[in-house]
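The values are calculated or read from the model by the stated rules, or taken from the named source; none is laboratory data. Bear in mind that the values here come from a model prediction, so they are computed numbers and not experimental data. Positions of Cβ are generated from backbone atoms using ideal geometry, with glycine treated the same way; all protein chains shown enter the neighbour counts. Heads up: the accessible areas ignore ligands, DNA and RNA and are worked out on the full protein's heavy atoms, side chains in. Shrake-Rupley method; radii C 1.70, N 1.55, O 1.52, S 1.80 Å.
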Amino acid sequence: MLGLIPRPHSYPVNNNTLLLRKPHLFLHVPKTAGSTLAYVFRRNEQFNSFLHIWYHPRYPRDHDGLLPGRKTVYGHFRYGIHMYYPNETCSYITMLREPVDRVVSHYYFHLQNKKDPGHALARDHSFREWLDLSPAAHNEMVRCLSGIRETEIFPTNTSLEIALKHLRDFGFVGLTERFNESLVLMKYYAGLQNVKYTKTNKGTRRPKLHDLPTDIVNKILEVNWMDVILYKEAQKIFEEQLKKAPPGFQKDL
């Protein structure tokens, strides 16, 4: 299904006080509609200025040959990539998702995609078992935003404190559950013009949240209690961003 959102008609670019400075660093937390947005950002950036990566950059290899000159970096990296731009003011952007919904989506994505690195674990274990075994089932949003190393499998209380601090410093925070509002707001914060999109990377065979057994939902909430706190903070930030929305915002929805 194609979503068409018109270009802003009442908020000239030169009057856009919300526009974030580049480089824009879009931290894509898995299963938060980031793959759909990647195409939007790619279309709105010059070819050689956009970079889509699937891992955290490694120094000095990627610093010397991959990142210089990029004005938009998008992908599955951890917080901290701004350190590769010591002489520039970077702006972090991200989308977060209600934790139960995100975890369910993540498991079934692994299960249905045979080439995915997490496929074998999901294939060989039930969802209930996977919740105990997979790091992706435990506070993935806190892991990404805190910037902890890949070797630190499970976030700590300190990780949560760091992630909350980083989140409050982000230039823009969107919510998957409020995708259209997030995308329209991003036009002003990221300077997007063409925001047509087609949903991509969407799982097709997963249970609805209301069909999940209560004990499974409670288990997800238990092992993702840090992500629950982080998401509640993201909701507050999103509401504050809405208050700053320019004239014409509602007409663009």
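Data overview
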| quantity | calculated |
| --- | --- |
| Within segment 108-131, tally of residues that are open to solvent by 10 Å² or more (accessible area, probe 1.4 Å) and either assigned to a helix (DSSP H, G or I) or within 19 Å of His210 (Cα to Cα) (or both) | 13 |
| Residue that is modelled with the lowest pLDDT, among those in segment 3-16 that are open to solvent by less than 30 Å² (accessible area, probe 1.4 Å) and closer than 30 Å to Phe109 by Cβ | Ile5 |
| The listed residue being modelled with pLDDT under 95 and among the polar types (S, T, N, Q), out of Asn218, Asn201 | Asn201 |
| Residues (open to solvent by 20 Å² or more (accessible area, probe 1.4 Å), more than 25 Å from Pro117 (Cα to Cα) and either in contact with a Phe, Trp or Tyr (Cβ under 7 Å, 6 or more places away or on another chain) or of a type in the set (A, V, I, L, M, F, W, C) (or both)) located in segment 136-165 | Ile162, Leu164 |
| Single residue of segment 226-253 satisfying the filter (without any contact (Cβ under 8 Å) to a residue 24 or more places away in the chain and among the acidic types (Asp, Glu)) that is farthest from Asn15 (Cα to Cα) | Glu239 |
| Every pair of residues 6+ apart whose Cβ atoms lie under 8 Å, when the first sits in segment 31-55 and is open to solvent by 50 Å² or more (accessible area, probe 1.4 Å) while the second is of a type in the set (Phe, Trp, Tyr) and not in a strand (DSSP E or B) | Tyr55/Phe77 |
| Output for segment 197-238, where each listed residue is closer than 23 Å to His28 by Cα, in a helix (DSSP H, G or I) and open to solvent by 80 Å² or more (accessible area, probe 1.4 Å) | Trp225, Lys232, Lys236 |
| Residue within segment 166-180 that is under 23 Å from Arg78 (Cβ atoms) and surrounded by fewer than 16 Cβ atoms within 10 Å (Cβ to Cβ) present | yes |
| Conditions (1) open to solvent by 50 Å² or more (accessible area, probe 1.4 Å); (2) at pLDDT below 85: number failed by Leu19 | (2) |
| Odd one out for Gly191 among (1) at pLDDT 95 or above; (2) out of contact with any Asp or Glu (no Cβ under 6 Å at 6 or more places or on another chain) | (1) |
| Residue in segment 185-195 that is over 20 Å from Ile93 (Cα atoms) and either open to solvent by 40 Å² or more (accessible area, probe 1.4 Å) or of a type in the set (Ser, Thr, Tyr) (or both) present | no |
| Residue count, segment 171-196 (criterion: among the polar types (S, T, N, Q) and assigned to a strand (DSSP E or B)) | 0 |
| Residue match in segment 141-160 (condition: free of Cβ contacts under 8 Å to residues at least 40 places away in the same chain and of a type in the set (A, V, I, L, M, F, W, C)) | yes |
